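A short reminder: the numbers here are calculations on the coordinates, not readings from a lab. Fair warning: this is a prediction, and the values are worked out from it, not measured in the lab. Every residue, glycine as well, gets a Cβ built from its backbone with ideal geometry; the counts of neighbours run over all protein chains shown.
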Amino acid sequence: MNMPVQRLLRVGPGAAVGITEAMIHELVHAFYATVRADPALGPIFNRVIGDGWDDHLAKLCDFWSSVLLMTSRFKGAPMPAHIRIAEIRPTHFARWLHLFKQTAEQLCPPEAAALFVAKSEMIAQSLQFGIAASRGELPPLRPEPARTKQPSDSGVGR
Amino acid sequence: MTYVVTDNCIKCKFMDCVEVCPVDCFYAGENMLVISPDECIDCGVCEPECPADAIFPDTDPKATGEWLELNKTYADIWLNLTHKDPPPADAAAWNGVEGMRASFSPNPHVSEPRRVA
């Protein structure tokens, strides 16, 4: 199978709303400049990333490129990276999402901003669930009670 | 929160999902892949990529508790897969066939030897 061609043919959700690598780069750099200066988020980010901001910003551009433009550039483990940060609270996520939305809406056309925001909210929720689970704040996953419907029923009208 | 691999992956096992996952949270069995619910970050890139439409967010009715439990269980048993191997020769024939749960194999995937570049 011709992998490089297949990879070029992959179209991510960002393409339809005009998201480009340049836009991602601009947004990531502007947003994290805001984060570093933010009284709530700056101290945590600066402590965790230290001198590694150049690498970190490149990694974050790779992440958004992978998620929105299907370039498969990012390889990493954001879930444990967040779980490791003992002082993270839901208020930090709320603040992050607020600043990200503000920056995206300032810098990007409306549809592109909306996609960035939607993805960031979904991923933020997922990370928060993972953090809560790791802290024993959630019940363990368990199967549903036996369903009364037959297995051949479609998923309609659950 | 997580995405969940369901029925139509079994015996199709196209593995396109593995190539696009940014956090490498797919684990491979003999005839199916699963997503580790502890590692999935809900970015959603795998869902449209699957030729068998076998992947759903856990908010979707098709991602039942049974499938969620199966994904969680086998993500802890099988090995992580980060590259797409050739799918089974008859993958296309199984795409859309219902009731594949009974054909599920608990055995792990065996990667083909990689070609040395």
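Considering segment A:30-102 at the alpha-carbon level, its Rg and Dmax are found to be 12.6, 34 Å. Rg and Dmax of segment B:32-117, both derived from C-alpha coordinates alone, stand at 13.8, 44 Å. Modelled this way, with points 7 Å down the Cα-to-C-beta line, the labels at B:E30 and A:M122 are 3.4 nm from one another.
For segment B:1-51, the alpha-carbon radius of gyration amounts to 1.00 times the rule-of-thumb value 2.2 N^0.38 Å expected for a compact globular protein.
How fast does segment A:12-134 diffuse by Stokes-Einstein, in µm²/s, taking the Kirkwood radius from C-alpha pairs at 10 °C and 1.306 mPa s?
Numbers: Rh = 14.8 Å.
In µm²/s, the coefficient is 107.
In this structure, the pairs whose alpha-carbon distance is over 21 Å, taken from B:K62/B:K84; A:K101/B:K72; A:K75/A:K101; B:K11/B:K84, are B:K62/B:K84; A:K101/B:K72; A:K75/A:K101.
Computed on the Cα atoms alone, the convex hull of the protein assembly as shown gives a volume of 154 cubic angstrom per residue.
Provide the gained length on full extension for the span A:A77 to A:W53, in nm with one decimal, where the gain is 0.36 nm per separating residue minus the Cα-Cα distance. Could the numbers behind the result be given before it?
Numbers: separation 24, 0.36 × 24 = 8.64 nm, distance 1.72 nm.
Fully extending the segment from A:A77 to A:W53 adds 6.9 nm.
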